[in-house]
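Reading through the structure tokens given below for one structure.
The values are calculated or read from the model by the stated rules, or taken from the named source; none is laboratory data. Note that the coordinates shown come from a computational prediction; the quantities given were computed from them, not determined experimentally. Every residue, glycine among them, receives a Cβ derived from its backbone with ideal geometry; neighbour counts consider all protein chains shown.
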């Protein structure tokens, strides 16, 4: 079995458009949440959202490449450029090696809606546009990035709700561990447009705290009233240790284990048992004891049921010695399909810069969760071992354990 390491990361999110900006935001506990006035016009209950600027791509890609990219693909492209540069994988390397791509994405709503609107307006399918099909498919990110970067390895989109990005990394880890690939570009991307969020808003899952956007995302807090949608792109370059050492790559961390499970229960209501199985599987696979984990980046999205069930699962699995715990979604909102990948990036940035990001807006934890070891404020701490949770609709769960690299 191969050891699997991380050699590059890239991020484009509401708290920063590169790793340096994001690192500083995490340390400062800076929120990226704001208001989208268009949502009020369209009849949304809540206009809260992560604020993510559109990338400028004209100088980076030709027109043919740009028209095939959906919004989330643009975010993923920028994140991947940064990650490849950090990993030392240039155009020649990608041309001469079998590099794969596994990216989490579970919607491409805006292009689909736009295509139907054009058809209804013009009554002519030829006027929809040649790039529409490549933007509309769920595999839009991987098909575009594989073409742009001329990738020759595995090429697949992982569609698993809000655990998509995490499962993409976990499945990449599994392929490399078993010798089926040497290098894989993994990650997650999420569109932020209002077209993709209407049904969520209609379910009443979003926070209504519009008078104070930066205080609206409150994971684990008694006074939370819902999540805030967000998005962007996050890329994690993983490869076999042999490959990384052969290239002389800088190694950011080693993936020790990937746990997964299905709740086998309600389609949207979480339970405690499913996450517990995912957590325990990650620990068992990593050959790590629960009391050795130093930090958990929680999935906690700021919903009543979700935060409570995850917190109980963590209490049950980790027992008396609870690791430090925070949800970076308190700053970013819920980055959905992207979150499992971005939170690996966030945790790596913390680990390499000697701090644990705060769970901002947490002033009064749920009574049943008061034994969790919350990071209420930024904690200056060197740590070497973290776990990241991601859960999604349909009861899909993913837990990944990463260690600071040592020979």
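Could you list, in sequence order, all residues of the range 180-224 that are closer than 15 Å to residue 51 by Cα and free of Cβ contacts under 8 Å to residues at least 60 places away in the same chain? Listed by number, the list holds a single entry, 212.
Quick check: anything in the range 189-209 assigned to a helix (DSSP H, G or I), in contact with a strand residue (DSSP E or B) (Cβ under 7 Å, 6 or more places away or on another chain) and surrounded by fewer than 24 Cβ atoms within 10 Å (Cβ to Cβ)? Within the range 189-209 (the criterion being assigned to a helix (DSSP H, G or I), in contact with a strand residue (DSSP E or B) (Cβ under 7 Å, 6 or more places away or on another chain) and surrounded by fewer than 24 Cβ atoms within 10 Å (Cβ to Cβ)), the answer is yes, since at least one residue qualifies. Put simply, of 244, 249 the only residue that is in contact with a strand residue (DSSP E or B) (Cβ under 6 Å, 6 or more places away or on another chain), surrounded by fewer than 24 Cβ atoms within 10 Å (Cβ to Cβ) and over 30 Å from residue 32 (Cβ atoms) is 249.
So, residue 75, is that one in contact (Cβ under 8 Å) with a residue 40 or more places away in the chain and either assigned to a helix (DSSP H, G or I) or surrounded by fewer than 18 Cβ atoms within 10 Å (Cβ to Cβ) (or both) or not?
On the way: in contact (Cβ under 8 Å) with a residue 40 or more places away in the chain: yes; either assigned to a helix (DSSP H, G or I) or surrounded by fewer than 18 Cβ atoms within 10 Å (Cβ to Cβ) (or both): yes.
It is true that residue 75 is in contact (Cβ under 8 Å) with a residue 40 or more places away in the chain and either assigned to a helix (DSSP H, G or I) or surrounded by fewer than 18 Cβ atoms within 10 Å (Cβ to Cβ) (or both).
A single entry from 279, 315 fulfils the requirement of being buried (at least 22 other Cβ atoms within 10 Å of the Cβ), in the same structural domain as residue 394 (by TED's automatic domain parsing) and in contact (Cβ under 8 Å) with a residue 40 or more places away in the chain: 279.
Would you be able to say whether some residue in the range 62-71 is closer than 16 Å to residue 333 by Cα and either touching a residue at least 60 places away in the same chain (Cβ under 8 Å) or assigned to a helix (DSSP H, G or I) (or both)? So that I can check it myself, show each step before the final result.
To start, the set of residues in the range 62-71 that are closer than 16 Å to residue 333 by Cα comprises none.
No, because not a single residue in the range 62-71 is closer than 16 Å to residue 333 by Cα and either touching a residue at least 60 places away in the same chain (Cβ under 8 Å) or assigned to a helix (DSSP H, G or I) (or both).
Of the helices (runs of 4 or more DSSP H) contained entirely in the range 108-173, those carrying at least 3 residues that are closer than 29 Å to residue 91 by Cβ and in contact with a helix residue (DSSP H, G or I) (Cβ under 6 Å, 6 or more places away or on another chain) fall at 132-136, 140-148.
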